[in-house]
1. Any residue that is under 13 Å from the mean Cα position of the chain (by Cα) and within 27 Å of residue 154 (Cβ to Cβ) - is there at least one of those in the stretch 252-271?
2. Of (1) part of a helix (DSSP H, G or I); (2) closer than 12 Å to residue 270 by Cα, residue 325 satisfies all except one. Which?
3. Sort out which residues of the stretch 252-261 are modelled with pLDDT under 90 and not in a helix (DSSP H, G or I), and write them in order of number.
4. Does residue 179 satisfy being buried (at least 18 other Cβ atoms within 10 Å of the Cβ), closer than 18 Å to residue 53 by Cα and at pLDDT 95 or above?
5. Just one of (1) over 30 Å from residue 179 (Cα atoms); (2) touching a residue at least 60 places away in the same chain (Cβ under 8 Å) trips up residue 246, so point out which.
6. Just give me the residues in the stretch 353-375 being in contact with a helix residue (DSSP H, G or I) (Cβ under 7 Å, 6 or more places away or on another chain) and within 11 Å of residue 263 (Cα to Cα), in sequence order.
7. So which residues in the stretch 91-106 are out of contact with any helix residue (DSSP H, G or I) (no Cβ under 8 Å at 6 or more places or on another chain) and either within 16 Å of residue 149 (Cβ to Cβ) or free of Cβ contacts under 8 Å to residues at least 40 places away in the same chain (or both), if there are any at all?
8. Just the residues that are without any contact (Cβ under 8 Å) to a residue 24 or more places away in the chain and under 28 Å from the mean Cα position of the chain (by Cα), please, taken from the stretch 345-372.
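The values are calculated or read from the model by the stated rules, or taken from the named source; none is laboratory data. Computed from a predicted structure; not experimentally measured. Don't worry about glycine lacking a Cβ; one is built from the backbone with ideal geometry, like all the others, and counts go over all protein chains shown.
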């Protein structure tokens, strides 16, 4: 009789211990309707290196990026004067409130308003415009401004990671990322050509215009300007930015004079290739042959020489025997487009070192660029 009693006591004690120490094990999954058993992370997961770069770029750059709203007036045949509103982006240049954006963002605007990252609104004044480069500088008066850090667009590489920050479709403070897809000349929105435009697959949409394109150090390397859409008013993975060096070359003029003192070299030139170089007996098989120097122009003042012998190029009479330009400031010059590209990175009054062949003799000539006449 004692043995069964002891066994019963052991079973009862085990059951009591199990149910008091593990009460959840006996609960029916339907015993408490509506209560969820969630599995949660024990601690916030650390960012991986790529995510850390993304977050770092955004935190560094976002205080400098602004939203720009412009209001212009147009004439409608049926309704008379009709207000038009535009929206774009920009970024702060200095503590004085100068902001760089695209010309087409504020073109013909009667009122321009800027919203900072802290959501405060300010009325802006247009300080200078450069329609041919699609650039404009506006200014606000505000405290504690955070200027953007301007980088260098000379040695960019296809495949390099880039970030775009702006206000696409009015969604302020949006960042997208991608790579540099190509560096190429493209036709700008005003019919001009943007030399060495930065093509990127970072999503750029209406409202991004004028905002910064950044490298992984949060330095501005370009100004987001336009997109190729294939007919749709949204990103198709092909966006273009104006290289920041093109903007830096004209910023001082925009701020101090309200316009750009466009440089002038003062020549009429002929691009040279291997076949033409062989026919003319030139010392190099590439470059720009000076056909004529403009009297009183920069080239003439520096002693560069135009042609002095008549010849026919096909059925076109030309002058040959002038200096052959093969480089400027160490950059190879093969045609007039190369010469124009160099000019876009300078302003009137800058001095450049021009590498020429005069006959078979190679010379370096200092040329102080003149100012192009305003059209």
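1. Step one: filter the stretch 252-271 for residues under 13 Å from the mean Cα position of the chain (by Cα), giving none.
Within the stretch 252-271, none of the residues are under 13 Å from the mean Cα position of the chain (by Cα) and within 27 Å of residue 154 (Cβ to Cβ).
2. (1)
3. Across the stretch 252-261, the qualifying residues are 259, 260, 261.
4. Values: buried (at least 18 other Cβ atoms within 10 Å of the Cβ): no; closer than 18 Å to residue 53 by Cα: yes; at pLDDT 95 or above: yes.
Taking the combined requirement at face value, the residue does not satisfy it.
5. Evaluating residue 246 over (1) over 30 Å from residue 179 (Cα atoms); (2) touching a residue at least 60 places away in the same chain (Cβ under 8 Å) leaves (1) as the failure.
6. Here is the first cut: in the stretch 353-375, the ones in contact with a helix residue (DSSP H, G or I) (Cβ under 7 Å, 6 or more places away or on another chain) are 365-370.
Passing the criteria: 368, 369, 370.
7. First, pick out the residues of the stretch 91-106 that are out of contact with any helix residue (DSSP H, G or I) (no Cβ under 8 Å at 6 or more places or on another chain): 94-97, 99, 101-102, 104-106.
Residues satisfying the conditions are 94, 95, 99, 106.
8. Answer for the stretch 345-372, where residues must be without any contact (Cβ under 8 Å) to a residue 24 or more places away in the chain and under 28 Å from the mean Cα position of the chain (by Cα): just 351.
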